[in-house]
Amino acid sequence: MDQNPSIRYVLLEETHHIVDLETRFKAYIVWLILNSKAEKAIEMLAEHSEVEKPKLTVGLPKRHKTNVLGCYSAREKTISVLNSDMLRNPSIIIHEFYHHLRIDLNHKHRGNERNAREFAQDYIDAYKALTNPKQDNLAP
Ligand SMILES: [Zn+2]
């Protein structure tokens with residue numbers, strides 16, 4: 001009553017369009033990593049989030065927790081991964097980027113592990129949704 005229905009329709013359309021672009025972006029990031037283009041993925045993530053691009057290196061720093069596949073050094077602004085296989089692992093690259101993002105945005109808090117995992121999972125889910133859209137229908 002207080003809003004023109006056609007305007008409301010346009011707003012819904014635009015909202016849908018934005019969600020769709022975001023999903024496509026996330027799926028593309030995952031695709032890049034899976035296709036050995038982690039450096040490009042990091043560059044696009046940084047650009048998208050308007051933060052400085054972190055460095056990306058293979059080989060963990062000398063002092064690191066055992067059994068980690070990747071880590072982020074806030075001082076060096078560097079994402080390190082255990083080996084070159086991990087450069088093709090979206091869960092790890094996007095997870096470590098999350099720590100970079102948190103620190104770059106408020107300069108102290110690296111965010112918690114659960115949020116980092118959920119952040120990465122969101123990208124992976126977008127990739128799955130776009131590469132296998134019928135999967136949802138098969139779920140019980
Ligand atoms: Zn973490």
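The values are calculated or read from the model by the stated rules, or taken from the named source; none is laboratory data. Quantities reported herein were computed from a predicted structural model and do not represent experimental measurements. Reconstructed Cβ throughout: ideal geometry from the backbone, glycine too, with neighbour counts over all protein chains shown.
Within the span defined as region 55-66, one or more residues are within 15 Å of the chain's Cα centre (by Cα), modelled with pLDDT of 95 or more and either basic (Lys, Arg) or away from the ligand (no atom under 12 Å from the Cβ) (or both). Whether a residue is over 19 Å from LYS40 (Cα atoms) and touching a Pro at 6+ places or on another chain (Cβ under 7 Å) was assessed, and SER80 does not pass this test. Taking region 68-114 as the range and being more than 14 Å from the ligand (Cβ to nearest atom), within 21 Å of TRP31 (Cα to Cα), in contact (Cβ under 8 Å) with a residue 40 or more places away in the chain and surrounded by fewer than 21 Cβ atoms within 10 Å (Cβ to Cβ) as the test, only ARG88 passes.
Among the residues of region 47-67, write down those that are touching a residue at least 40 places away in the same chain (Cβ under 8 Å) and buried (at least 16 other Cβ atoms within 10 Å of the Cβ). Within region 47-67, VAL51, PRO54 meet the criteria.
The single condition among (1) touching a residue at least 60 places away in the same chain (Cβ under 8 Å); (2) under 16 Å from ALA41 (Cα atoms); (3) aliphatic (A, V, I, L, M) that ALA129 does not meet is (2).
Here is the figure for region 67-81: residues that are over 17 Å from ILE103 (Cα atoms) and at pLDDT 95 or above total 1.
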